[in-house]
Amino acid sequence: MYKKDLQLLLNTANFPNFFFLYGADNFQIEFFSELIKEKYPNDEILKIYFEEYNFSKCSDFLSLNSLFSEKKLLEIKCNKKPNTKELKFLIELCKNNTDNFFLLEFYDESSRQNELEKIFENNFVRFFKIANPKEGMELLSMKAKKLNIDITSNALYTLLQSFDENLYLAASELNKFENLKVDEQTIQTYCYALNTGNLDDFFEKLVKKQDIKKDLENILENFNEMAFINSLNNNFYKLFKILIYTKIYGKIDFKELFGFTPPLKVGQNLSSLAFSIKLKQYKEIFNLLLNTEYELKTNSKLAKKEFLISNILKLVKILKTT
């Protein structure tokens, strides 16, 4: 099922007593696993994390009677595919006893797990990285609600962007504001983005044709090459969408473009940056970034730092072309 189906299922009285969560977004797996566990009140829980997995221990927990507990919850977190025969047996123990509950969480898995999906009989969700800031803000809003945080939309946007749309880091920051009222200024004052903001600063200087030498040196020392290229791709694509939308409709509607309205100053700055680049330049920029990404992924002998510096200089040249 899809994430939206899981959200609907969580609002019903009946929830299946065996479930599988997996995908490439660890925050969503962890967050929804907590929501699922709230649906199943238990007397006893066995948590098995990663290398701790032991089939005998898990099966004994679900199958043996206990004087002190009737409802049992087995939670397994892993990043390697478990033995399918063992999983089938654990699921059978749940089918034969509705007081048993089995939750499997498979982290850092980008490929589809057809066999595991089949075993769990549609009681599964595969999570993907967030597609846009709107989706990220919705998830952070759900997290804030659980923590009883009264937070503004601008604050959620600022938090997400401060951590370069890394949901896990942004959500972790929310924990410090439990039971509090939070606005944009609060986020700017008390949240520290572990240097991810440098990417945004670098991007703005790059587009404005300012000196980027020191910023580039810092980024190449502190950031993964692919994360850097992906950040550039995402930022240029945002600007490209603004320009194209304006050319088609003769106006800017951030709500329509991105699913939310950013703070006024942020919107004005995005518009200014978007219009400073010509359509022809966007085409050259995207071609350069795609070729850069391809080389980074396929050329094992590549001198990555020197290669990136060379291509950033090409990018600067494109932006300076009139």
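Miscellaneous remarks
- Note on Q210 and I45: their simple-model spin labels are 4.7 nm apart, each label 7 Å out from Cα toward Cβ.
- Residue (of L239, L159, L93) at the positive-pole extreme of the chain, dipole from beta-carbon charges: L239
- Anisotropy class of region 133-190 from Cα gyration tensor, a/c 1.5 cut: rounded
- Loop-resident sites, region 1-71, for GluC sites (Glu not before Pro), counting at most 13 other Cβ within 10 Å (DSSP): E70
- Dipole axis of region 44-100 (+1 Lys, Arg; -1 Asp, Glu on Cβ), positive-most option in L64, L46, T84: T84
- Around the Cα centre of the chain, unit charges on the Cβ atoms of Lys, Arg, Asp and Glu (plus for the first two, minus for the last two) sum to a dipole of about 1460 debye.
- Inter-probe distance in nm under a simple model that places probes 7 Å from Cα toward Cβ, at K247 and M1: 4.3 nm
- Region 270-309 and region 104-156 have Cα centres separated by 30 Å.
- Global geometry of region 116-161, whether rounded, prolate or oblate, following the gyration tensor of its Cα atoms and the 1.5 cut on a/c: oblate
- Helical contribution to [θ] at 222 nm, DSSP H n ≥ 4, -39,500 (n - 2.57), averaged over the chain, rounded to 500: -18000 deg cm²/dmol
- In region 70-170, chymotrypsin sites (Phe, Trp or Tyr not before Pro) in a DSSP loop with at most 13 other beta-carbon atoms within 10 Å: F128
- Within straight-line reach of K251, meaning a Cα separation under 24 Å, sit the following lysines at least 8 residues removed in sequence or on another chain: K134, K208, K238, K241, K265, K278, K280, K283.
- The spread of Cα positions in the chain, taken along each principal axis and listed from longest to shortest, comes to 78, 50, 37 Å.
- Sorting 239-252, 169-182 by their mean Cβ neighbour count within 10 Å, with the most densely packed peptide first, gives 169-182, 239-252.
- FRET efficiency, 1/(1 + (r/R0)^6) with R0 45 Å, evaluated for D99 and D183 via beta carbons: 0.50
- Rounded to the nearest whole Hz, the Karplus-based 3J(HN,Hα) values (6.51 cos²θ - 1.76 cosθ + 1.60, θ = phi - 60°) of region 234-240 follow the sequence 4, 5, 5, 5, 4, 5, 4, with x at glycine and proline.
- Rounded, prolate or oblate (a/c below 1.5 giving rounded, otherwise prolate when a/b exceeds b/c) for region 197-320 by Cα gyration tensor: prolate
Read the figures in this text as sums done on the coordinates, not as results from a lab. Keep in mind it's a predicted model, so treat the numbers as computed, not measured. We place every Cβ from the backbone using ideal geometry, glycine too, and count neighbours over all the protein chains shown.
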